[in-house]
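Structure first, then comments.
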């Protein structure tokens, strides 16, 4: 198989990190100012949960289509176009004056942000070798935690100074500038831009019949169903949890706590990827290294079960920090597993898994609103712990180290 000539792979990962940060900053902005929006629009928790879940429904539906678009067309232009469109949707949210208008703008944001992670995964899969892919994914995905970390500080400051609506408009403008830069700067070899990698045809490595017979595919489906929604729940409800359960005002002090909480995501994305690369360089098989990191990640996520019984705000912050640390490490490894399934369908597979996770996440984000309205946040955090276990066990049960050709009985072109 012909190897694609590397083109600034780690610099590309850093640039993709900034796009991921913008995507999470945009989606997280509403969660941060949710108490203000709830008061302004006179919503209860169940209605707020519906508004917060709007993003995830359209995000999930678009994932069913966006991967095929990313795999088929020139990734330079398509990725930039999606960033520009989600930035316009974010700006539109700042102009929304009713529940319906804000709901619609969040749906639009979900549609276009669906390209963020599958598009980045598609680019990384073409530029970075398998042994370093988890680390590359972690670097890119750490942008999400950076966006989540700065969102409280940025949005609380903007809400106090000029109002939350102006904050949404500002974020939309920044995204448009990023898209313009990307189209001007990203000019890798043609092998990276086109849909299928050099030396492997659709019939050989990417047939849906073979993919659907692969137990690793179904392990990823289970991982998407149970593991992905944990991040959606955390990013959507943690700010409101601290406001309602601990009576913290929406001030800079809460912003600092949320910064620390989402710092766990940043450390988990990069740390989980780096741990796999380190073990691989010490002679571990890549699949075995990923599984070892997943076990540690699950232990961290199980800290969610203790959050409702935390004796103080700092202890609750530490427990949610560990939950996010584990979930981020899980995410970096999960995306690497997705990238292994079909070399010519990376965007499609990542999109499909994102759709499954987002549909599941949308329902669970809404369910947390209903449950917390009735009895607080104890049961939701226990559900998060259960999701962690159910999302990891199938990934540990399958063999990730046998060559793809052996698993499917195919012969890849040399």
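What to note about this one:
Every residue, every condition in (1) free of Cβ contacts under 8 Å to residues at least 60 places away in the same chain; (2) under 20 Å from residue 62 (Cβ atoms), yes or no:
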position: 103; (1), (2): yes, yes
position: 106; (1), (2): no, yes
position: 120; (1), (2): no, yes
position: 126; (1), (2): no, no
position: 144; (1), (2): no, yes
position: 148; (1), (2): no, no
position: 153; (1), (2): no, no
position: 158; (1), (2): yes, no
position: 167; (1), (2): no, no
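- Conditions (1) at positive phi; (2) under 20 Å from the mean Cα position of the chain (by Cα); number of the one not met by residue 25: (1)
- Verdict on residue 222 being surrounded by fewer than 22 Cβ atoms within 10 Å (Cβ to Cβ) and over 17 Å from residue 152 (Cβ atoms): yes
- Pairing residues of segment 386-414 that are under 20 Å from residue 280 (Cβ atoms) with residues that are modelled with pLDDT under 75, at Cβ distances under 7 Å and at least 6 apart in sequence or on separate chains, gives 404/205.
- Exactly one residue out of 255, 264, 205 is surrounded by 17 or more Cβ atoms within 10 Å (Cβ to Cβ), closer than 28 Å to residue 34 by Cβ and either more than 24 Å from the chain's Cα centre (by Cα) or modelled with pLDDT under 85 (or both): that is 255.
- Segment 344-366, residues that are modelled with pLDDT of 90 or more and either touching a strand residue (DSSP E or B) at 6+ places or on another chain (Cβ under 8 Å) or surrounded by fewer than 24 Cβ atoms within 10 Å (Cβ to Cβ) (or both): 356, 360
- Which numbered condition residue 248 misses (of (1) surrounded by fewer than 22 Cβ atoms within 10 Å (Cβ to Cβ); (2) touching a residue at least 40 places away in the same chain (Cβ under 8 Å); (3) part of a helix (DSSP H, G or I)): (3)
- Residues in segment 104-123 that are part of a helix (DSSP H, G or I), surrounded by 24 or more Cβ atoms within 10 Å (Cβ to Cβ) and within 15 Å of the chain's Cα centre (by Cα): 109, 110, 112, 113, 116, 117, 118, 119, 120, 121, 122.
- For residue 313: the one exception among (1) crowded, with 17+ Cβ neighbours inside 10 Å; (2) more than 22 Å from residue 273 (Cβ to Cβ); (3) in contact (Cβ under 8 Å) with a residue 60 or more places away in the chain: (1)
- The number of residues in segment 280-310 being outside any helix (DSSP H, G or I) and without any contact (Cβ under 8 Å) to a residue 60 or more places away in the chain comes to 4.
- Residues of segment 165-190 satisfying the condition of being assigned to a helix (DSSP H, G or I), in contact with a helix residue (DSSP H, G or I) (Cβ under 8 Å, 6 or more places away or on another chain) and modelled with pLDDT under 85: none
The values are calculated or read from the model by the stated rules, or taken from the named source; none is laboratory data. Remember, it's a predicted structure, so these values are computed and weren't measured experimentally. Reconstructed Cβ throughout: ideal geometry from the backbone, glycine too, with neighbour counts over all protein chains shown.
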